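In what follows, a structure is listed as structure tokens, so that the remarks can point back to it.
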Amino acid sequence: MSDDQTRVQEFFTARAADWDSRFPDDGPAYAAAVAELGLRPGDRVLDAGCGTGRALPPLRAAVGPSGVVLGADLTPAMLREAVRAGRDRDGALLLSDVAALPLRSHSLDAVFGAGLISHLASPAENLRELARVVRPGGVLALFHPIGRAALAARHGRPLTPDDLRAESNLRPLLAGSGWRLTSYVDEDSRFLALAVRED
């Protein structure tokens, strides 16, 4: 395991048990972001870096019983909390790094990533791996239940020009990784960037 993977696992293992109780009001924001994916009944979707699986119920609701919902996370403790919360009923959980997903190429219609991009060890490569598993024309949602400025303030730091989620950084990063940015919202109440998988 790489140092980056170990660091991410240590960070989230220490926070897994009380993760949901720390952010009890995020459910509506997750549901609204999932709605913007435009999923249809029968679609196949991955929650990349799913954590405790907070996106799995709205993803399941969007794709219905005939759809496929997967949640992949690198941290066993987070997946255990997802099971404890019963969210494994809404999607199959995979212990997996998004850098090397155990999925066939072009096998998904969409990927949802909440709070994901700031934890990627190699953002360009990792976004290319997400593009690999999504069919051409499929959608990627990069989401956070609060915007960049609010998140920076929560952590007691200023926004910096090298923030990957800044549109000026994210657009070329996505373009170089097989995605085309189609929508970008960065407000206090949410961050949501939508991209389409290029042919």
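For a paramagnetic label modelled at 7 Å from the Cα of HIS106 toward its Cβ, which residues of segment 155-199 fall within the zone defined by backbone nitrogen distances under 18 Å?
Inside the label zone: 178-180, 196-199.
With the chain treated as a Gaussian network of Cα nodes joined by springs under 10 Å, which of HIS144, HIS106, HIS155 yields the largest mean-square fluctuation?
The residue with the greatest mean-square fluctuation here is HIS155.
Tell me the relative contact order for the chain as a rounded percent, counting alpha carbon contacts under 8 Å between residues six or more apart.
Rounded, it is 19 percent for the chain.
Obtain the nm distance between the two label points defined at ALA61 and ARG15 by a simple spin-label model: each point lies 7 Å from its Cα along the Cα-to-C-beta direction.
Each label point is offset 7 Å from its Cα along the Cβ direction, giving 2.5 nm.
Using alpha carbons only, how many angstrom separate the centre of segment 61-127 from the centre of segment 152-199?
Here the two parts' Cα centres lie 20 Å apart.
Which of ALA166, ALA175, ALA55 moves the most in a Gaussian network model of the chain with Cα springs under 10 Å?
ALA166
Counting heavy atoms of the protein chains only and a 1.4 Å probe, report the per residue accessible area for the chain as a whole number of Å².
Roughly 46 Å² per residue, with all protein chains present.
Restricting to DSSP H runs of at least four residues, report the calculated mean residue ellipticity at 222 nm for the chain, -39500 (n - 2.57) per run over all residues, nearest 500 deg cm²/dmol.
-9500 deg cm²/dmol
Using modelled backbone amide H atoms (1.01 Å from N, in-plane), which distant-in-sequence or interchain residues come within less than 5 Å of GLY71's amide H?
Result for GLY71 returns ASP47, ALA92, LEU93, LEU94.
May I ask you to give the percent of accessible area on segment 28-165 that is carbon plus sulfur, with a probe radius of 1.4 Å?
56
The values are calculated or read from the model by the stated rules, or taken from the named source; none is laboratory data. Computed from a prediction, not measured in an experiment: that's the story for all the values here. Glycine also receives a Cβ, built like all others from the backbone with ideal geometry; neighbour counts cover every protein chain displayed. Areas reflect the complete protein model, heavy atoms only, side chains present, ligands, DNA and RNA absent. Shrake-Rupley method; radii C 1.70, N 1.55, O 1.52, S 1.80 Å.
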